[in-house]
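Here's the structure, in structure tokens; my notes come after.
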Amino acid sequence: MHFAAVAYVGESTLEPLRYYHNISSNTLMVLEAMAAHGVKTLIYCSTCATYEQPERCLLQKQLPSCIPPADNISLKMQAPINPYGKAKKMAEDIILDFSRRSDMAVMILRYFNVIGSDPKGRLEEAPRSELREHGQISGACFDAALGIIPGLKVRGTYYKTVDGTCIRDYIDVTDLVDAHVKALAKARPKTVGIYNVGTSKGRSVKEFVEAFKKATGVKIKVEYPDHRPGDYAKVYCPIHRSAAEPADRMEMAEVA
């Protein structure tokens with residue numbers, strides 16, 4: 001299972017070469033090592049950031065730059081808009097090209113927005129101090145509540161969504177672990193499986209923050225600076241399920 005990668009969209013726009021090296025080049029090295037040692041199964045951790053943003057771009061008088069539209073990302077095309085997504089797509093392409101000439105079992109999981117940490121407190125997100133504002137919204141909320149940072153920054157309020165903030169599909173990290181176990185069980189030689197992993201429900205960033213404040217009872221300072229370069233307006237994982245099928249907390253939707 002190949003988890004290792006830097007994974008902050010905002011940072012990737014500031015340090016694109018670092019992201020291409022860390023994600024794309026290092027994935028190539030992993031494949032070379034697998035080939036040299038006869039490792040035949042790969043579960044690759046990818047991202048919904050590889051998908052295409054709708055073509056329409058909405059210009060707002062209040063902002064000098066182009067704000068992404070409120071349509072959900074297109075799950076039919078991969079055309080990432082930030083270096084993080086581009087580096088992940090490049091790594092996927094390398095894996096797919098290599099798998100065509102081998103009998104590898106490959107599973108590619110495209111995550112949506114991962115939140116949370118180990119419920120037993122053994123592991124958690126711990127970004128460098130200068131990267132805390134680029135990290136998970138859940139971690140940023142707790143940092144603000146604990147006084148580690150002076151307040152929370154919600155970037156962008158001019159998106160054409162229910163409250164102006166981005167829509168995201170938040171999946172708990174423990175459910176994501178289950179997705180990897182399922183993926184490993186489904187992996188088959190000479191076969192590539194590509195799955196979106198999310199909850200099928202979109203929630204705005206502002207909704208998430210308000211839910212956090214209600215759950216913890218802590219009042220945190222919230223600022224609303226300009227939008228972050230490379231962000232999509234709306235990202236969630238639509239699941240097509242019959243009425244008879246139960247809905248899990250976490251969904252794996254196969255990419256056709």
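Odds and ends about this structure:
- ³J(HN,Hα), Karplus 6.51/-1.76/1.60, whole Hz, each residue of the range 41-49, x for Gly, Pro: 10, 10, 9, 9, 8, 10, 8, 5, 5
- Using the Cβ-Cβ distance between VAL181 and LYS201 with R0 set to 30 Å, the FRET efficiency works out to roughly 0.85.
- For the range 126-233, applying the loop criterion from DSSP together with a ceiling of 11 other beta carbons within 10 Å to the trypsin sites (Lys or Arg not before Pro) yields ARG128, LYS219, LYS221.
- Per-residue SASA entry for MET29, accessible area with 1.4 Å probe, Å² rounded to 10: 120 Å²
- When the convex hull of its Cα atoms is viewed from all sides, the range 84-125 shows a mean projected area of 4.5 nm².
- In this structure, the amide hydrogen of ILE171, modeled 1.01 Å from its nitrogen in the peptide plane, lies closer than 5 angstrom to those of ASN113, VAL114, ILE115, counting only residues at least 5 positions away or on a different chain.
- Phi angles of the range 141-148 translate, via the Karplus equation with coefficients 6.51, -1.76, 1.60 and θ = phi - 60°, into HN-Hα couplings of 4, 5, 4, 5, 5, 8, x, 5 Hz per residue; Gly and Pro are given as x.
- With each label modelled as a point 7 angstrom along the Cα→C-beta vector, the ARG101-LEU17 pair spans 2.9 nm.
The values are calculated or read from the model by the stated rules, or taken from the named source; none is laboratory data. The shown structure was predicted, so the numbers you read here are calculated from the model rather than taken from an experiment. Virtual Cβ from ideal backbone geometry, glycine too; neighbours counted across all protein chains shown. For accessibility, only protein heavy atoms count, side chains too; no ligands or nucleic acids. Shrake-Rupley method; radii C 1.70, N 1.55, O 1.52, S 1.80 Å.
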